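Below is one structure, written out as structure tokens; comments come after it.
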Amino acid sequence: MKKAVILLVASIMLAACNNEDKSENTSDSNKKPAATESSQEQSGSETADEEQVGLEEGLKGDSTEVEYEDIAKGDVPANKKVSFTGTVFKVEEGRYGLKKDITDSSEEVLWVDDLRLGERTEIPEGTNVTVFGSYTDTDEQNAPKMRAVFIDMN
């Protein structure tokens, strides 16, 4: 988890540096030819995209796939990088309720806090997703929950 937080902070700092560089380049743009300015802006956005892809691949690669049964038994320690595949059962104010099998009424719901990096899209109920993030123990109602940094729709 510490590694993911460090990577997140580093990418935010790099993004902030890129924004400062662009504002400085804007004041210098009157002195530079248009072709040079255009190529520098393109390479800057490609670098930011590459960093985002690297962060995403790193988190996804370090994640351990878990089953709901493992979480319910307490076999998954808090703050562990995990992935969970399930179907969106319920949507509530930035949280998603996931179930492995939505037809099983006895199966409990894993709640996912949406902290996604990058582009956010609404995920409707009934969508099969894989969530990458960290398991954070239980909420106030003793239901297991995790924080999602990336959500892939399957």
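No lab work stands behind these numbers, since they all come straight from the coordinates. Please read all numbers here as calculations on a predicted model, not as lab measurements. Reconstructed Cβ throughout: ideal geometry from the backbone, glycine too, with neighbour counts over all protein chains shown.
The residues packed around Val82, meaning those with a beta-carbon under 13 Å from its beta-carbon, carry a net charge of -1 if Lys and Arg are +1 and Asp and Glu are -1. Taking amide H positions as modeled 1.01 Å from N, with prolines and chain starts lacking one, the residues under 5 Å from Lys90 and 5 or more places away or on another chain are Gly97. Using bins 10 angstrom wide from zero, how does P(r) for the stretch 107-154 break down, in % of all Cα pairs? Histogramming the stretch 107-154 at 10 Å steps yields 25, 54, 21, 0 percent.
Given R₀ = 35 Å, FRET efficiency for Ile12-Lys90 by Cβ-Cβ distance, to 0.05?
0.70
Sequentially through the stretch 94-107, phi angles give Karplus couplings (6.51, -1.76, 1.60; θ = phi - 60°) of x, 10, 10, x, 10, 10, 5, 10, 6, 7, 8, 6, 7, 5 Hz, Gly and Pro residues having no value and appearing as x.
Other residues whose C-beta falls under 14 angstrom from the C-beta of Glu67 contribute a net charge of -4, scoring Lys and Arg +1 and Asp and Glu -1.
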